[in-house]
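Just so it is clear, none of the values below were taken in a lab; they were calculated from the coordinates. Quick caveat: nothing in here was measured; it's all calculated off a predicted structure. Quick reminder, even Gly has a Cβ in these numbers, built from the backbone with ideal geometry, and neighbours come from all protein chains shown.
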Amino acid sequence: MYNTYYFIKSIYEVAKETFASGIFQVLLTFLGAFLGFGFSLWIYYKQNKKDKRKEEDQKKKHFKDLLRYYRELLLSVVGVYEKQLNLIDEFISKQKKNLTVLIPLNQIATEDFIRLKNIDNRGTFEAWITIFKSEDTIKQYKTTNSALDFLEGTRLEIDRIYQTNTKHCYEQLMQAKQIIDHIPDRLASIAHQMAQELGESRWENDIYKTINSYFKVYADLTTNIADFEKINENYLAPLLELFLKKYSDFIYSDEITMLCKKARVKLQGVRFEMGNIIEELEKTRERTSKSLSIINTAIQRINNIS
């Protein structure tokens with residue numbers, strides 16, 4: 001009995017130690033697994049955070065590059081527009097000297113307005129509000145775009161006004177030229193009829209001599225390629241004056257004066273229309289100054305990006 005008791009007791013002690021050792025091993029294994037998982041999780045977290053930061057840095061760099069390109073387009077628009085304003089001033093100065101000699105309004109071609117619209121679809125707005133975080137950043141972006149729209153609209157309106165009115169002016173000048181060219185033909189016909197009726201005595205007739213002298217006046221003007229103002233001053237105006245006052249009783253007086261009046265009315269119409277074009281163009285610089293200032297402010301803001 002005694003031996004059996006100690007045998008069972010020894011088995012129990014061994015089992016107890018073995019169980020305790022197993023528990024300890026399980027705890028060590030669990031702790032190792034926990035620490036390993038935690039360390040792996042920490043490594044993953046750090047790497048993920050680094051990747052996100054890198055991704056954000058790349059995105060921010062992309063936004064900055066996009067805004068810098070946006071700035072270059074804005075600079076181009078401002079540069080082109082300022083040159084265009086100088087060309088308009090030059091046109092006005094030259095055209096004022098003679099309203100019936102139509103000169104071209106040189107215009108600078110640019111596709112930058114289209115490029116600005118295209119870049120807007122590539123995320124310029126998102127770049128703007130991401131880089132610039134002031135409360136009114138959205139309003140500033142919208143204001144800049146509105147300024148660009150106004151400049152583009154003004155540019156198109158300038159072209160429309162010039163093209164439409166100038167086309168009409170050319171048409172009126174061509175009509176005036178046809179009338180002016182017809183006057184010497186009609187005078188020649190009248191002179192020929194008078195020569196047949198008066199014979200050699202025609203050289204004693206003031207009207208005949210006047211008509212004959214104006215053939216030379218017209219020939220000299222056309223030979224020297226005189227402009228409409230000189231033709232009006234040296235041909236139409238004096239001829240009209242003579243047949244309105246001195247030779248008003250002449251049978252063909254009304255016909256001659258009517259032709260002169262028609263030509264002069266056409267020329268006056270051109271002067272009036274070109275005067276209106278100049279008046280509108282003279283307002284361009286003042287009208288666009290605010291928009292240019294807004295765009296320059298946007299350019300300066302992008303310049304400050306680090």
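Laid out as a table, the results:
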item: Subset of Lys167/Lys262; Lys96/Lys283; Lys167/Lys216; Lys142/Lys167 violating a 26 Å alpha-carbon distance limit; result: Lys167/Lys216; Lys142/Lys167
item: Those GluC sites (Glu not before Pro) in the stretch 79-113 that DSSP places in a loop and that have at most 14 other beta carbons within 10 Å; result: Glu111
item: Angstrom value of the Kirkwood radius, inverse mean 1/r, which spans all Cα pairs in the stretch 171-280; result: 14.8 Å
item: Net lengthening on full extension, His182/Glu279 (0.36 nm per residue, minus Cα-Cα); result: 31.6 nm
item: Spin-label model distance (nm) - Glu229 vs Glu56, 7 Å beyond Cα toward Cβ; result: 6.9 nm
